[in-house]
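Working notes for the structure below.
The values are calculated or read from the model by the stated rules, or taken from the named source; none is laboratory data. A quick note: this is a predicted structure, and the numbers were derived from the prediction, not measured. Here the Cβ is made from the backbone with ideal geometry for all residues, glycine too, and neighbour counts use every protein chain on show.
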Amino acid sequence: MKKNLSAILALLLCAGMLSLCGCQQQETSSSPTEGPTASTESSLQLYDDKTDNLCYAKYKEYDLDTTTEIKNIIIMIGDGMGQNHIKAAEIQKGDKLNMKTMKYSGKVTTSSLDGITDSAAASTAISCGYKTHNKSIAVNGDGDSVENLFEFAKSNGMKTGFAVTEFLPHATPAGFSSHEKSRDAFQSILKQQVNNQVNVMLGGGQRFYNDTLYRQLEANNYKYVSNVVDLRTFDKTSTRNLIGMFKYEVILAGYQPSLNEMTLKALNLLNNDNGFCLLVEGSDIDTRASKCDMDGMLREMTVFDNAVDTVLQFAEENPGTLVIVTADHETGGLEIPDNATADTLSNDMFTSGGSHTAANVNIYVDGAQADKFLTNSVIDNTDIAKQVRYLYNGSLLKEPFTYGDTPLATHTAA
């Protein structure tokens, strides 16, 4: 596996150098307003080429081992990815998305204590197993902190990390790695993420890098990178944690590093004998859908599903890996006619004005103990956190786990 990852990283570096030769840099980087100067930006990171890295990975049937005890947990969240976002992407691709190769599937309800959820409350539900109010991060309805998934993982000796296309202290990664009554407390969330020593953090938001953060990073043994070249050269043999805060507030499709490259790097760095817990988020499916931007949303779906393909390849080669792909909520009220074609997909198919909706979302599960995961009916988003914990602690159960009278899934994904 190490050879495979090294080969892929080498190919990515070669491809990046070719892109560098063919593209003229149109922007100049700016240093943070405070603190030490960030690393020089590569021109790979300073343009948005809509044709770059946007081909769907070919659909492949993976065969993940479901019998092995859980060692690694990977949760992949398509922010705002409703059932019709998946349908639209498959129409555009002309084939199934790679998430559809996963053996078990179902539907998930997404409501918060306030009704239609935001990403903060949804992340709390998926990570902690508790309903909470919108804007709340890993606290219950009374505002009390509850165990997030990275804390659970750390308590079991696992490494933790996330790769997202939003900035690091954004709502979804925050729900896995911090506690706050308001999702807008970005500086506090980032401080907690660093002090909690999340081993790998990759995403946007270089604007948060300043003197105070520099001192926190040094105190917690972090290597800071701000461009794709430094990301590629950071070596697994390093004993330091890695934080990558790249130039963009959000890393849209075509920007570098791509979500796929960040995911691959995280897998390489986190893989160890004691296991790991990794969050991967296609954050900007939501931001494009909130603008009723069909083309932009489909680009983000491409980016996310390609990362799913990378994770499934890793999981197939590394038995003991549980993979869960789902969404935190649906954005845009997307409606796709049965006769829609790639040429007829349009912005006016979004019906909620870009708002979140209460629509159920899909969940796909495969890998270690996936056959015991409850997916054969509509489950609540809080059930994800509960089942992950149960199956990790009781991975060698002889009988399928049940909630009440409801058995776990034994069917193949549609």
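Summary table below
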{"read-out": "Residue list for region 106-121, filter: over 11 Å from R183 (Cβ atoms) and among the small types (G, A, S)", "value": "G106, S111, S112, G115"}
{"read-out": "Filtered residues of region 111-141 (kept if of a type in the set (V, I, T) and either in a strand (DSSP E or B) or farther than 22 Å from P169 by Cβ (or both))", "value": "I116, I137, V139"}
{"read-out": "Single condition V323 does not satisfy, out of (1) crowded, with 22+ Cβ neighbours inside 10 Å; (2) in a loop (DSSP other than H, G, I, E, B); (3) not charged (D, E, K, R)", "value": "(2)"}
{"read-out": "Residue check, K265 of a type outside the set (G, A, S), in a helix (DSSP H, G or I), at pLDDT 95 or above and in contact with a Lys or Arg (Cβ under 8 Å, 6 or more places away or on another chain)", "value": "yes"}
{"read-out": "Test set (1) surrounded by fewer than 20 Cβ atoms within 10 Å (Cβ to Cβ); (2) in contact with a Phe, Trp or Tyr (Cβ under 8 Å, 6 or more places away or on another chain); (3) in a loop (DSSP other than H, G, I, E, B); (4) not acidic (D, E) - N339 fails condition number", "value": "(2)"}
{"read-out": "Single match in E61, E69 (criterion: over 25 Å from N274 (Cβ atoms), in contact with a Ser or Thr (Cβ under 6 Å, 6 or more places away or on another chain) and part of a loop (DSSP other than H, G, I, E, B))", "value": "E61"}
{"read-out": "In region 244-286, the residues that are among the hydrophobic types (A, V, I, L, M, F, W, C) and farther than 14 Å from E300 by Cβ", "value": "M245, F246, M262, L264, A266, L267, L269, L270, F276, C277, L278, L279"}
{"read-out": "Exclusive hit being closer than 17 Å to D328 by Cα, at pLDDT 95 or above and surrounded by fewer than 19 Cβ atoms within 10 Å (Cβ to Cβ), set D144, D114", "value": "D114"}
{"read-out": "Residues of region 360-414 classified as closer than 18 Å to V325 by Cβ, surrounded by fewer than 17 Cβ atoms within 10 Å (Cβ to Cβ) and modelled with pLDDT under 65, total", "value": "3"}
{"read-out": "Selected residue (only one of V194, V198 is within 21 Å of the chain's Cα centre (by Cα) and either farther than 17 Å from M262 by Cβ or free of Cβ contacts under 8 Å to residues at least 24 places away in the same chain (or both))", "value": "V194"}
{"read-out": "V280 vs. criteria in contact with a helix residue (DSSP H, G or I) (Cβ under 7 Å, 6 or more places away or on another chain), buried (at least 24 other Cβ atoms within 10 Å of the Cβ), assigned to a helix (DSSP H, G or I) and not charged (D, E, K, R)", "value": "no"}
{"read-out": "Conditions (1) surrounded by fewer than 22 Cβ atoms within 10 Å (Cβ to Cβ); (2) in a loop (DSSP other than H, G, I, E, B); (3) of a type in the set (A, V, I, L, M, F, W, C): number failed by I251", "value": "(1)"}
{"read-out": "Whichever residue in region 233-248 is outside any loop (DSSP other than H, G, I, E, B) and β-branched (V, I, T) and, among such residues, is surrounded by the most Cβ atoms within 10 Å (Cβ to Cβ)", "value": "I243"}
{"read-out": "Tabulated pairs, region 365-387, first touching a residue at least 40 places away in the same chain (Cβ under 8 Å), second surrounded by fewer than 23 Cβ atoms within 10 Å (Cβ to Cβ) and of a type in the set (K, R), C-beta under 6 angstrom, 6+ apart or interchain", "value": "D366/K103; V378/K107"}
{"read-out": "Lone unmet requirement of (1) in a loop (DSSP other than H, G, I, E, B); (2) among the hydroxyl-bearing types (S, T, Y); (3) modelled with pLDDT of 90 or more for S39", "value": "(3)"}
{"read-out": "Residue that is nearest to the chain's Cα centre (by Cα) [pool: residues in region 88-134 that are farther than 30 Å from L54 by Cα and charged (D, E, K, R)]", "value": "K131"}
{"read-out": "Failed item in (1) β-branched (V, I, T); (2) closer than 28 Å to F152 by Cβ; (3) assigned to a helix (DSSP H, G or I), with I91 passing the rest", "value": "(2)"}
